[in-house]
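Where a number appears in this text, it was derived from the coordinates with a stated rule and is not lab data. These numbers come from a predicted model, not from an experiment. Virtual Cβ from ideal backbone geometry, glycine too; neighbours counted across all protein chains shown.
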DNA sequence: TTTACGAATGCAAATATATAAATATTTAAG
DNA sequence: CTTAAATATTTATATATTTGCATTCGTAAA
């Protein structure tokens, strides 16, 4: 019983931490650019968004750490991409609810 | 051109603020209890979750302020409910991605 | 091995958030 | 009008997040 409740709390915290990772304007912008299975490097994202390289890397690190993105190093570049394509539904859903 | 970009930033910030409102373990728990069009009072939620009344009210205020919930006062009670039923998809989606 | 490029990390300041205790407000009942 | 119940707000403290600069790390090319 206690275990079940603890498990629920753990699940809630995992879900919250993933949502929190996504809940930032620049990180939403990143997710939008990665929709459809696209893969982008840190530099590409940093230039697309017009924010600092280190800030970009930090945001990407948060998204990766919380299970939203994956990364793969290829030579000097690191490509980032969505871990679950279904997550872009969240962006679309929130977007539709905030645009009326 | 600048206007369009500004508009995008505004939209991103609105989406982020709605997601941020949802990105908290207790607030996700609240949303789960409100799935399916259910309406609950502050006291009911505070007892369901086992957290302080003032904390509960604070969380509900955040969700309402950011457009996730609506509220309707009826006598001494205030009932809270989902503003957009579709938002419970977000909870389900994140939940499915964090449970594997 | 030296150089240069892309990416990640450590750090600090500013800002934001979470929590709960205390207090205030609103409403219904007596 | 007074009281009590349900909410909401205020306040204070603790904690977390954001950002950019400076630096370091990893890799490939010269």
- Item | Cα→Cβ-extended label distance, 7 Å offset, between residue B:76 and residue A:73, nm | 6.4
- Task: Set the Förster distance to 22 Å, then compute FRET efficiency between residue B:35 and residue A:85 from the Cβ-Cβ distance, nearest 0.05.
- Result: 0.35
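Please work out the FRET efficiency for the pair residue B:8 and residue A:13, using the Cβ-Cβ distance as r and a Förster radius of 35 Å; give the result to the nearest 0.05. Could the numbers behind the result be given before it?
On the way: r = 32 Å, r/R0 = 0.90.
That pair, residue B:8 with residue A:13, gives E of 0.65.
Please average, across the residues of A:28-36, the number of beta carbons from any other chain that are within 10 Å of each residue's own beta carbon, and give a whole number.
Working: counts 6, 6, 0, 0, 3, 0, 0, 0, 0.
Mean partner shielding for this stretch: 2.
Using Cβ counts within 10 Å as a stand-in for footprinting exposure, how do A:30, B:90, B:28, B:62 rank, fewest first?
On the way: A:30 24, B:90 27, B:28 21, B:62 17.
The fewest-first ordering by Cβ neighbours comes to B:62, B:28, A:30, B:90.
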- Message: If you take each beta carbon of peptide B:84-91 and count the beta carbons of other chains within 10 angstrom, what is the mean?
- Response: 4
- Task: State whether region A:2-98 is rounded, prolate or oblate according to the following rule on the C-alpha gyration tensor (a ≥ b ≥ c being the square roots of its eigenvalues): a/c under 1.5 gives rounded; otherwise a/b larger than b/c gives prolate, and the remaining case gives oblate.
- Result: prolate
- At what distance in angstrom do the alpha carbon centres of region B:1-76 and region A:67-90 lie from each other? 29
- Task: Compute the relative contact order of chain A as a whole-number percentage, counting only Cα pairs closer than 8 Å that sit 6 or more residues apart in sequence.
- Result: 29
